[in-house]
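A.B. asks: First the structure, then my questions, so here it is.
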Amino acid sequence: MTVLDELYEAVLEGDFDLTPGLTRRGLDAGFDPQTLIDDVMIPAMAEAGRRFEDDVYFVPELLSSGRAITAGLDILRPLFAAGGARRVGRVVIGTVQGDLHDIGKNLVAVMLEGAGFEVIDLGTNVSPAEVVAAIREHRPQLVGLSALLTTTMLSMPSIIEAISSAGLRDDVRVLVGGAPMNEARAKEFGADAFAANANAAVRAALELVGAGPGR
Ligand code: B1M
């Protein structure tokens, strides 16, 4: 079994003690962080999700897989941050109210850091008032909202309305994402852009702050 197979199994089996060491071994073997995320960690998490849908895994197993991927990401995070030497903007990011899913949001945050954004991560279950307060405090160019549930994605328009009511809508662009989201919903909710995955989120974020790859 290669180190990539072992890392895949560790995330899938939710072995959060093994994941950091295997992530380091993957790096030592010459694999770049993006490969470890895109080709190993995300597919393992996706398989955990399929097992959940098939009633093979239940919430505790999913939680363990979530902890395992997060432990691996924690090893990779400094490498992405080191890559983002140029500062292209500041982003306030969070998972919306009622929603505790943070794996995708954390991935997006890590990759935005790698692209040169200063990331203020509000965590999960973030209310409209918290977003407004964070905009006032941190003055970001961008707000990133993540939702994984069809019920909680409905918090997105409430947050965007709260930003508008606070008179701050012209100061920030809003990027949204998460499994139940799509272009049409993003538009309907009043967001400026939708991204289907972390790579697309980086491209959209750079575009929104006017710092596309060529600049
Ligand atoms: Co939950 N869950 N979950 N869950 N969970 C889903 C979302 C679900 C689809 C599973 C299912 O039933 N098929 C379902 C939602 C159904 C629906 O709403 N239609 C569901 C449910 C029902 C629930 C509970 C209600 C279960 C229960 O308790 N009975 C409960 C709700 C808790 C709550 O939030 N209030 C719950 C709980 C949990 C766990 C805590 C056990 C765990 C989360 C652990 C954690 O996040 N720390 C969990 C997990 C892991 C999942 C699945 C299996 C995997 C989600 C994930 O992490 N994917 C998920 C099923 C699935 O998606 N197949 C499921 C990997 C991650 C890399 O992808 O998050 O999609 P994703 O992020 C992607 C893109 O979406 C995008 O980029 C990311 C990277 O490529 N993206 C953005 C995300 N945010 C973005 C923001 C952007 C741009 C792009 O800009 C700002």
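A.B. asks: Would you confirm whether or not region 129-146 contains a residue that is buried (at least 18 other Cβ atoms within 10 Å of the Cβ) and without any contact (Cβ under 8 Å) to a residue 40 or more places away in the chain? Working first, answer last.
C.D. replies: Initial filter on region 129-146 (buried (at least 18 other Cβ atoms within 10 Å of the Cβ)): 131-132, 134-135, 140-146.
Next, from what is left, pick out any that are without any contact (Cβ under 8 Å) to a residue 40 or more places away in the chain: 131-132.
Within region 129-146 (the criterion being buried (at least 18 other Cβ atoms within 10 Å of the Cβ) and without any contact (Cβ under 8 Å) to a residue 40 or more places away in the chain), the answer is yes, since at least one residue qualifies.
A.B. asks: Here is a check on your reading of the model: is Ile159 more than 7 Å from the ligand (Cβ to nearest atom) and assigned to a strand (DSSP E or B)?
C.D. replies: When the stated conditions are applied, Ile159 does not pass them.
A.B. asks: Another question, if that's okay. Consider Leu100 carefully, then state whether it is at pLDDT 95 or above, within 15 Å of the ligand (Cβ to nearest atom) and open to solvent by 20 Å² or more (accessible area, probe 1.4 Å).
C.D. replies: Working: at pLDDT 95 or above: yes; within 15 Å of the ligand (Cβ to nearest atom): yes; open to solvent by 20 Å² or more (accessible area, probe 1.4 Å): yes.
When the stated conditions are applied, Leu100 passes them.
A.B. asks: Also: Testing Gly114 on (1) open to solvent by 10 Å² or more (accessible area, probe 1.4 Å); (2) within 11 Å of the ligand (Cβ to nearest atom); (3) not assigned by TED's automatic domain parsing to the domain that holds Asp39, one condition comes back false. Which one is that?
C.D. replies: Just one mismatch for Gly114, condition (2).
A.B. asks: Another one. Against the definition (of a type in the set (Val, Ile, Thr), over 20 Å from Gln34 (Cα atoms) and crowded, with 16+ Cβ neighbours inside 10 Å), how does Ile163 come out, yes or no?
C.D. replies: Numbers: of a type in the set (Val, Ile, Thr): yes; over 20 Å from Gln34 (Cα atoms): yes; crowded, with 16+ Cβ neighbours inside 10 Å: yes.
For Ile163, the condition - of a type in the set (Val, Ile, Thr), over 20 Å from Gln34 (Cα atoms) and crowded, with 16+ Cβ neighbours inside 10 Å - is met.
A.B. asks: Out of all the residues in region 178-187, is one or more acidic (Asp, Glu) and at pLDDT 95 or above?
C.D. replies: Yes; the residues of region 178-187 include at least one that is acidic (Asp, Glu) and at pLDDT 95 or above.
A.B. asks: Could you give every pair whose Cβ atoms fall below 9 Å, whose first residue belongs to region 161-177 and is over 16 Å from Glu188 (Cβ atoms) and modelled with pLDDT of 95 or more, and whose second residue is among the hydroxyl-bearing types (Ser, Thr, Tyr) and in a loop (DSSP other than H, G, I, E, B), counting only separations of at least 6 or pairs across chains?
C.D. replies: Ala162/Ser127
A.B. asks: Only one of these is within 18 Å of Val108 (Cβ to Cβ), within 19 Å of the chain's Cα centre (by Cα) and buried (at least 20 other Cβ atoms within 10 Å of the Cβ): Ile75, Ile37. Name it. Explain how you work it out, then say what you get.
C.D. replies: Numbers: Ile75 fails: buried (at least 20 other Cβ atoms within 10 Å of the Cβ).
Result of the check over Ile75, Ile37: Ile37.
A.B. asks: I'd like the full set of residues that are open to solvent by 50 Å² or more (accessible area, probe 1.4 Å) and within 8 Å of the ligand (Cβ to nearest atom), limited to region 117-128.
C.D. replies: Hit for region 117-128 is Asn125, nothing else.
A.B. asks: In addition: Tally time: how many residues in region 174-203 are touching a strand residue (DSSP E or B) at 6+ places or on another chain (Cβ under 9 Å), within 24 Å of Gly116 (Cβ to Cβ) and near the ligand (Cβ under 10 Å from one of its atoms)? Reasoning before the result, please.
C.D. replies: To start, the set of residues in region 174-203 that are touching a strand residue (DSSP E or B) at 6+ places or on another chain (Cβ under 9 Å) comprises 174-178, 181-187, 189-198, 200-203.
Filter once more, so that each one left must be within 24 Å of Gly116 (Cβ to Cβ): 174-178, 186, 191-198, 200-203.
Subset that is near the ligand (Cβ under 10 Å from one of its atoms): 174-178, 186, 191, 193-198, 200-202.
Final tally of qualifying residues: 16.
The values are calculated or read from the model by the stated rules, or taken from the named source; none is laboratory data. Quantities reported herein were computed from a predicted structural model and do not represent experimental measurements. Note that each Cβ is placed from the backbone with ideal geometry, even for glycine, and that neighbours are counted across all protein chains shown. Ligands, DNA and RNA are excluded from the accessible area calculation, which covers all protein heavy atoms including side chains. Shrake-Rupley method; radii C 1.70, N 1.55, O 1.52, S 1.80 Å.
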